[in-house]
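Asks: Quick one: structure below, then a few questions.
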Amino acid sequence: MRLRITLSTLAAVAALSAFGPLPPQNPATAASGTATMHGDSASSDTTPYAGPGSGAISWSRTALASACPTVVIGGDGYPVALCTTIFGQTPTVHLLDPGSGADLASLALPKGSLFGGVYAYLDNTNALVVVDGDDNLLRIGHHRTGGGAWSLTVDQSTSLAGALPSGDDIVGLSPGWDGRVWFATAAGVIGTVDTTTGAVRTIATGEGVENSISTVPGHTAVATDHALYLLGEAADGTPVVDWRAPYDRGPGRKPGQLSWGTGATPSFFGPGDGTGYVALTDNAAPHENLLVYRIDGGPAPVCATPVLTQYPASGTEDAVIASGSSVFVTDTYGYPYPALPAGAPASVPSSASFDGGMSRVDLDPDGAGCHLVWNSDVKSAALPRLSLADGLIYTLTVSGPTGTVGAQTFASYSYATVDPATGARRSSSWIGLGLLYDPLQMTGTTAPDGTLYQGTETGVLRVTRG
């Protein structure tokens, strides 16, 4: 038997050797790669599964009249999407058919924080863990009915309302390794909840939170609009601040961002066990910096490196991809979101064109600094995801007029793969025009069978090998 090795196979093997490992599997979640918006509780935005690849693809669209930022998949293979309706901004959970993407069941929730609800995770029983607008921590299961149809039901509810200031909303949540669930609120309250006893323990930072939070064994990372916090917990679950690292929040909210401050969820990564470092982007002007901290090194960053400097200005509303010794940052500066959160300040400047682009930054071999590897002009309209199985970055790109919300009607969106070694586009397949296909800088999730589910402004795209 003759072994045939192609150049593309060698390139994939070389790419795989440069990245990883995956963060440790959180025992409270579904499998890493499909458990959270960012793949895992460490928010690495990596996946252990190969995607549709850089060859021919097929795709279909599930119309839900909703923006769908979170698609997660449990051990039973059924995708669960947390979406927000276009009209009314009502958070709604959908169960999708893994074979066709069809909507099998839905459950509307009370409206709460950012756009009605964004962040959730799938637990180790395939239940969606989410906070509703009444500050109840819910576990929503999907079950067969007597007639064989599917239903979504609230299987557990734990009230957090008594532990929160009046009018506050929970933004991010992630499970710890001890069974407690961590959360952070818009007003900067950080807490844990024991869903068995109902005990809630909190501390107040006095700073706003607009993004989700991340957990690895013994550590939780929360980014406020002023600083990055690394936290542990006391024996009773009360959060304890290990260190606080203030960052440059810039002169104001940049166009293409939803708040004034970092637009990123902090991401744990590292070449050892995947937890030695945590990365965040700041809001410095004109170019944002990638900030990398050693977990056991305190609040002084290992490096603060300007990124996306191929453009006059840069900023991002996306979390980074972080794997091994590499971090990938996407540019959302000027991205024309169709709506902003209530109370969002005016942007500085008032408007800007969307250039897109990506940067890769690597830790130095001694782990004491970092350096820019490449800048790319790939115009990503979604938060990309790196596959550690096939060595490709997956995203949707945009071309055409994107300078204003109205112009987006004529924007053109394509499925694309990117070479993480060079930043070059490996493939591009046209999807469609206009708002139906706008991914709104949301991230896609790859199922174990290689199907990519990508949320858009109006539903979910399902992409498979052609």
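Only the coordinates and a few stated rules stand behind these numbers; no lab work does. Here the structure is a predicted model, which is why all the values come from computation and not from measurement. Cβ coordinates were reconstructed from backbone atoms using ideal geometry, including for glycine residues, and neighbour counts include every protein chain displayed.
Asks: Would you grab the residues whose amide H sits under 5 Å from the one on V189? Only those 5+ places off in sequence or on another chain, please, with H modelled 1.01 Å from N.
Replies: T205
Asks: Only four residue types carry charge here, +1 at the Cβ of Lys and Arg and -1 at the Cβ of Asp and Glu. Report the dipole size of the chain about the Cα centre in Debye, rounded to the nearest 20. Mind showing how you got there, number by number?
Replies: Values: 20 positive and 38 negative charges, 234 e Å.
Value, rounded to 20: 1120 debye.
Asks: Follow-up. Evaluate the charge dipole of region 214-296 about its Cα centre and quote only its size in Debye, nearest 20, assuming +1 on the Cβ of each Lys and Arg and -1 on the Cβ of each Asp and Glu.
Replies: On the way: 5 positive and 9 negative charges, 68 e Å.
Result for region 214-296 is approximately 320 debye, rounded to the nearest 20.
Asks: Can you check what the net charge comes to around V193, using other residues whose Cβ is under 10 Å from the Cβ of V193 (Lys, Arg +1; Asp, Glu -1)? The partial results should precede the final answer.
Replies: Numbers: positive: R180, R201; negative: D194.
Charge balance near V193 sits at +1.
Asks: Hey, with R₀ at 25 Å, roughly what FRET efficiency would V240 and D364 work out to, going by the Cβ-Cβ distance, to 0.05?
Replies: Values: r = 31 Å, r/R0 = 1.24.
In this case the efficiency is close to 0.20.
Asks: Then there is this: Sorted by mean Cβ packing within 10 Å, highest first, what order do the peptides 378-390, 58-70, 100-112 take? Write down the numbers at each step before the final one.
Replies: Values: 378-390: 23.9, 58-70: 19.3, 100-112: 17.0.
Top of the packing list down: 378-390, 58-70, 100-112.
Asks: For D296, what is the net charge nearby, where nearby means another residue's Cβ is under 13 Å from its Cβ and Lys, Arg count +1, Asp, Glu -1?
Replies: Numbers: positive: R294; negative: D242, D273.
Computed value for this residue: -1.
Asks: Could you work out the local net charge near H143, counting Lys and Arg as +1, Asp and Glu as -1, over the other residues with Cβ closer than 13 Å to its Cβ?
Replies: That works out to 0.
Asks: So what J values fall out for region 21-34 if you push phi through Karplus, 6.51 cos²θ - 1.76 cosθ + 1.60 with θ = phi - 60°, rounded to Hz, Gly and Pro as x?
Replies: Values per residue, Gly and Pro as x: x, 4, x, x, 5, 6, x, 8, 10, 5, 4, 4, x, 9 Hz.
Asks: Amide H neighbours of A120 under 5 Å, at least 5 residues apart or on other chains, H built in the peptide plane: list them.
Replies: Here M37 satisfy the definition.
Asks: Also: Along the Cα→Cβ direction, 7 angstrom out, place labels at R294 and I86. What is the inter-label distance in nm?
Replies: 5.1
Asks: I'd like the Karplus ³J(HN,Hα) series for region 77-91: coefficients 6.51, -1.76, 1.60, θ = phi - 60°, whole numbers in Hz, and an x wherever there's a Gly or Pro.
Replies: 3J(HN,Hα) across region 77-91, in whole Hz: x, 8, x, 10, 10, 9, 10, 10, 5, 5, 9, x, 6, 8, x.
Asks: A follow-up question, please. If r is the Cβ-Cβ distance from A149 to S58 and R0 is 30 Å, what FRET efficiency results, to the nearest 0.05?
Replies: Working: r = 27 Å, r/R0 = 0.90.
The value I calculate is 0.65.
Asks: Next up: Between S351 and S399, what FRET efficiency follows from the Cβ-Cβ distance if R0 is 22 Å, with the result rounded to 0.05?
Replies: Details: r = 20 Å, r/R0 = 0.90.
Here the calculated transfer efficiency is 0.65.
Asks: Can I ask one more? Could you calculate the contour length gain from S106 to D194, that is, 0.36 nm times the residue separation minus the distance between their Cα atoms, to one decimal place in nm? Before the final figure, lay out each step's value.
Replies: Working: separation 88, 0.36 × 88 = 31.68 nm, distance 2.73 nm.
Result: 29.0 nm gained on full extension.
Asks: Oh, and also: For region 198-211, just list the computed ³J(HN,Hα) in residue order, Karplus coefficients 6.51, -1.76 and 1.60, θ = phi - 60°, integers in Hz, with x standing in for Gly and Pro.
Replies: x, 5, 10, 10, 9, 9, 10, 9, x, 10, x, 10, 10, 10
Asks: Considering region 152-256, what Rg and Dmax in Å follow from its alpha-carbon atoms?
Replies: Gyration radius and largest Cα-Cα distance of region 152-256: 14.2, 45 Å.
Asks: While we're on this one: Placing unit charges on C-beta atoms (Lys and Arg positive, Asp and Glu negative, everything else neutral), compute the dipole magnitude of region 153-289 about its Cα centre in debye, rounded to 20.
Replies: Working: 6 positive and 15 negative charges, 45 e Å.
The dipole magnitude comes to about 220 debye.
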